[in-house]
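Readers should treat all values here as calculations from the given coordinates under stated rules, not as data from a laboratory. Quantities reported herein were computed from a predicted structural model and do not represent experimental measurements. Positions of Cβ are generated from backbone atoms using ideal geometry, with glycine treated the same way; all protein chains shown enter the neighbour counts.
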Amino acid sequence: MVLSASGLSFAQKCVLDCFAGSGALGIEFLSRGAQQATFVDSSHSVCGIIKKNLKKVKAPASSYSVVCADAAVYVSQLVAGTRCVAARQGATKHTAFDIVLLDPPYDMPAEWVQKLVEDLHAAKALASDALIVYECASKAPSLTLSMAELQKSKRYGTTCVDLFRVGLQEATSTNSAAVTDSALTISQEASDD
């Protein structure tokens, strides 16, 4: 689903894997050609597992960073323009993320995850056409994002995976405003004649 939405290539893509767990999702993107992946997880033991898994697959050290921090803390530091946690973890220089993977614990409220995405957007940490992949319980509410539009939603038993694209909704509302402005200009010109 994500590969198709990415034009069948992850080349030159920067990935943010929040709530990374074993790192399997981010590692999959690296193995398929992503340029860089940032793994964020709050558990020190889990971060150790991610690093071991990256070494097992022989991922080049320059292609990833592992940040052992709460996702909200990491994002708030991006918003504040600081890199304290990332710098301590040896993270690479910040860049906008093309793909954001969100697989939080299923009991985490959608509003909390939505705030996380809004903060990423406010920090200019999302590429203009970034993809956001959100996994949650199939009975849980989805995200309502002002800066992104739901592209696809798939259900797998008790799991739901939603794919959002940043920029489409903003572009649509900007185009609608331009069309409305044009229509007003035309109707004013017609009434002047």
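Applying the criterion of being in contact with a Ser or Thr (Cβ under 8 Å, 6 or more places away or on another chain) and part of a helix (DSSP H, G or I) to the residues of region 37-72, the residue that is surrounded by the most Cβ atoms within 10 Å (Cβ to Cβ) is ILE50.
For region 1-25, which residues satisfy the criterion of being among the β-branched types (Val, Ile, Thr) and assigned to a strand (DSSP E or B)? Quick ask: steps written out before the conclusion?
Pass one, region 1-25, residues among the β-branched types (Val, Ile, Thr): 2, 15.
Within region 1-25, just VAL15 meets the criteria.
Any residue in region 138-161 that is closer than 21 Å to PHE29 by Cβ, free of Cβ contacts under 8 Å to residues at least 60 places away in the same chain and of a type in the set (Asp, Glu)? No, region 138-161 has no match at all. The strands (runs of 3 or more DSSP E) found entirely in region 90-159 that carry 1 or more residues being surrounded by fewer than 19 Cβ atoms within 10 Å (Cβ to Cβ) are 126-137, 148-156.
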